[in-house]
Every structure is written in C-alpha cells, then in structure tokens.
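**Q** Here it is: the structure, laid out below.
The values are calculated or read from the model by the stated rules, or taken from the named source; none is laboratory data. These numbers come from a predicted model, not from an experiment. Positions of Cβ are generated from backbone atoms using ideal geometry, with glycine treated the same way; all protein chains shown enter the neighbour counts.
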C-alpha cells in the first residue's frame, strides 16, 4: 500500500520514494561504517565487522546462516572466514549432531576490538541521528519495526522462509 499522499499513477522521483531513500541510506551507512572502522585503527573490515556482529548475537551459526545474515554468497564468506581463522578471530567447529555441518564461533580476540568497534558504531550513528529528539528516535524505531514485521509476515505468507521471532532463520545445513 502506498502512502495516501502519493497517487498510484504519479511518476515517482527516485529520491522521493522509500525504496530509493532506503537504498541510499544503506549505501551511506556502509561508507560511513568503513570510514569509522578505518579510523578506529583495529584493521577490522566492514565484512568482518558484520560477521562479528552476527556472531556476537548468536555464536555458533552455520556458514549458510551467516552468509544470509551478512548478505554474502557462501564462497566469498568462506574465504573471509578463512582469513579470519588465520588471524584467530573466529574458529569453525563440527556440529555435534551433523558431521557435514561446521559452526562458526568467535574467539576471545573479539575482546581486543570491542571498545573500538562500539566507539566507531556510536560515532557513526551519532552523526546519522544528529538533530533527532528522543521522541522522534522512538517513533522512527517503531516505524522500522513495523516495516520489518510487515516484510516478515509477507515472507511467511509466501512460504519463502521460516523466520523465528528474532527475525532470523532457524538453523539449517551448511
């Protein structure tokens, strides 16, 4: 459903439509995140930080689950995990119930970068949210949660994915 103030037959300008703005915000967040990570001096890259973030929430994901969550194909993610393993940042262990599956875990080295990564994240979000009141921020979060719920419901209706309450798919094979 389009917002009421946007006629269905009107030619939309890309910068006035949700999809385009969402894409641009995502792109700018990626650029800002890269800039803040470089300034942090950790040597951590954007793809590595996404792996850290997901594993910090749910350590022990399969490579397939992780690829979906960090929006990477399995092969490039495999190479990234190889490099991260060489640096002792993550380790892959066999799944106890399925010998074909390997699960990815953070090592204690994440603690070396934790404060710098959080500092970079707060700096980036501080810039992005400058000028928002606390009420505006809460309203914005509520809108994003509603968009997420709508998209998850649509996904569930089509049977494309089985999504848990936390928004992520249940464990699957590697």
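**Q** Counting only residues that are more than 20 Å from the chain's Cα centre (by Cα) and touching a residue at least 40 places away in the same chain (Cβ under 8 Å), which one in region 96-111 is surrounded by the fewest Cβ atoms within 10 Å (Cβ to Cβ)?
**A** Looking at residues that are more than 20 Å from the chain's Cα centre (by Cα) and touching a residue at least 40 places away in the same chain (Cβ under 8 Å), I get 100.
**Q** Next up: Residue under question is residue 132, and the condition is that it be surrounded by 12 or more Cβ atoms within 10 Å (Cβ to Cβ), closer than 25 Å to residue 31 by Cα and more than 18 Å from the chain's Cα centre (by Cα); does it hold?
**A** Working: surrounded by 12 or more Cβ atoms within 10 Å (Cβ to Cβ): yes; closer than 25 Å to residue 31 by Cα: yes; more than 18 Å from the chain's Cα centre (by Cα): yes.
The answer is yes for residue 132.
**Q** While we're here: Please go through region 125-145 and pick out each residue that is outside any helix (DSSP H, G or I) and over 28 Å from residue 44 (Cα atoms). First the steps, then the outcome.
**A** Within region 125-145, the subset outside any helix (DSSP H, G or I) is 129-133.
Passing the criteria: 131, 132, 133.
**Q** Would you confirm whether or not region 115-124 contains a residue that is at pLDDT below 95, over 18 Å from the mean Cα position of the chain (by Cα) and part of a helix (DSSP H, G or I)?
**A** First pass over region 115-124, keeping only residues at pLDDT below 95: 115-124.
Going one step further and asking which of them are over 18 Å from the mean Cα position of the chain (by Cα), we end up with 115-116.
With the extra rule that they be part of a helix (DSSP H, G or I), the set shrinks to 115-116.
Yes - at least one qualifying residue is present in region 115-124.
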